[in-house]
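J.: The structure is given below, and queries will be raised subsequently.
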Amino acid sequence: MRRKIVAGNWKMNLSLAEGYQLAESVKSETKVIKPAGTDIVLCTPFIHLKGVSDIVQDSGIATGAQNCSNEKSGAFTGEISASMIKSAGARWVIIGHSERRSLFAETDNLVLRKTSAAIESGLRVIFCCGEVLAERERNDHFRVVKRQLDEGLLGLQVSDFSKTVIAYEPVWAIGTGVTASPIQAQEMHGYIRSLVQEAYGTTVARETLILYGGSCKASNAAEIFSMPDVDGGLIGGASLNSAEFAGIIRAAEL
Ligand code: PGA
């Protein structure tokens with residue numbers, strides 16, 4: 001049985017104090033739930049990362065960033081490198097989120113370079129992919145996701161690929177309140193697993209975690225997570241409320 005991951009993506013929300021408070025609450029809720037088969041990750045804004053990592057230390061909760069530079073160091077004003085993220089106590093980084101792709105013009109190639117930089121620095125990567133509504137409506141969603149994976153991820157050496165998990169996030173479901181149906185999610189997750197199998201073989205495909213993201217909340221998580229190829233979720237809005245987030249962790253444990 002694969003483990004599950006429930007990862008919160010706080011995006012650009014919460015003051016430092018609010019973020020610390022949320023981390024404390026998630027830690028308390030997690031102590032009660034004692035998840036046995038689910039790993040929990042809090043992907044915070046950069047400035048929260050060290051403090052939140054300290055708060056959740058020894059609680060079994062890991063932390064992550066939401067982006068990193070593809071460069072190692074140097075004159076890149078405003079950028080944050082993967083090794084800096086690691087030095088703040090984080091173990092994870094989200095790469096290729098649709099908001100980065102669409103609002104900050106991140107191409108598949110840049111996503112690949114960021115993924116490689118993150119792995120080289122010892123971070124694990126939550127690699128995001130997913131189609132926009134128009135692509136789904138013209139039945140192009142499989143092709144789009146295949147391109148994102150082929151160009152951004154599946155060229156890695158298997159030893160590097162094994163440091164990644166994939167998050168399928170249909171863009172039309174992110175922050176909209178519209179979730180992919182469990183059947184739509186399973187269909188794409190199964191397809192993604194078949195692509196991983198083609199690239200790396202059956203054993204690696206069987207071990208790869210594929211998360212769902214897009215308006216996932218406590219009330220719909222159990223249904224989506226019960227699908228055979230869905231191994232947890234990347235949670236935006238619902239990760240900002242500890243009770244709601246706890247409900248999603250419980251759903252992953254079912
Ligand atoms: P959402 O965001 O849960 O608010 O839809 C998910 C994400 O963008 O990772």
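The values are calculated or read from the model by the stated rules, or taken from the named source; none is laboratory data. Values in this document were obtained by computation on a predicted structure and should not be read as measured data. FYI the Cβ positions are ideal-geometry reconstructions off the backbone, even for glycines, and counts take in every protein chain you see. We work out accessible area using only protein heavy atoms, side chains counted, and drop any ligands, DNA or RNA first. Shrake-Rupley method; radii C 1.70, N 1.55, O 1.52, S 1.80 Å.
J.: Roughly how many Å is it from the Cα centre of the range 189-254 to that of the range 101-130, as a whole number?
T.: Answer, in whole Å: 19.
J.: Could I ask something else about it? So if we plug the beta-carbon distance of LYS146 and THR107 into 1/(1 + (r/R0)^6) with R0 = 22 Å, what FRET efficiency do we get, rounded to 0.05? Spell out each step's value before the answer.
T.: Details: r = 16 Å, r/R0 = 0.73.
My answer for the efficiency is 0.85.
J.: Under the classification rounded if a/c is under 1.5, otherwise prolate if a/b is larger than b/c and oblate if not, where does the range 126-182 fall, given a ≥ b ≥ c as square roots of the Cα gyration tensor eigenvalues? Mind showing how you got there, number by number?
T.: Working: a/c = 3.32, a/b = 1.74, b/c = 1.91.
Oblate is the answer for the range 126-182, as a/c is 1.5 or above yet b/c matches or exceeds a/b.
J.: Run the dipole for the range 1-136 about the Cα centre, Lys and Arg Cβ at +1, Asp and Glu Cβ at -1, nothing else charged, and hand back the magnitude in debye, nearest 20.
T.: 400 debye
J.: Most mobile of ALA218, ALA90, ALA82 per a Gaussian network model of the chain (Cα springs, under 10 Å)?
T.: Judging by the Gaussian network model, the answer is ALA218.
J.: Hey, can you find the accessible area per residue of the range 1-146 for me, probe 1.4 Å, expressed in square angstrom? Present the calculation step by step, with values, prior to reporting the outcome.
T.: Numbers: 7040 Å² over 146 residues.
For the range 1-146, the per-residue accessible area is 48 Å².
J.: Just the accessible area for PHE225, please: 1.4 Å probe, Å², rounded to the nearest 10?
T.: Accessible area of PHE225: about 10 Å².
J.: Still on this structure: Under 10 Å, Cα contacts only: if you run a Gaussian network model on the chain, which one of GLY64, GLY78, GLY233 comes out with the highest mean-square fluctuation?
T.: The residue that fluctuates most here is GLY78.
J.: What residue among GLY213, SER15, SER73 has its Cα farthest toward the positive end of the dipole of the chain, where the charges are +1 on Lys, Arg and -1 on Asp, Glu, each on the Cβ?
T.: Value: SER73.
J.: At 1.4 Å probe size, put ASP39, ASP58 in order of accessible surface, largest to smallest. Walk me through the numbers on the way to the answer.
T.: Values: ASP39 60, ASP58 150 Å².
Correct descending sequence by accessible area is ASP58, ASP39.
J.: Compute the normalised compactness of the chain: alpha-carbon radius of gyration over 2.2 N^0.38 Å, N being the residue count.
T.: Details: Rg = 16.8 Å, N = 254, 2.2 N^0.38 = 18.0 Å.
My calculation over the Cα atoms of the chain gives 0.93.
J.: Taking Cα centroids, how far is the range 143-161 from the range 39-72 in Å?
T.: 24 Å
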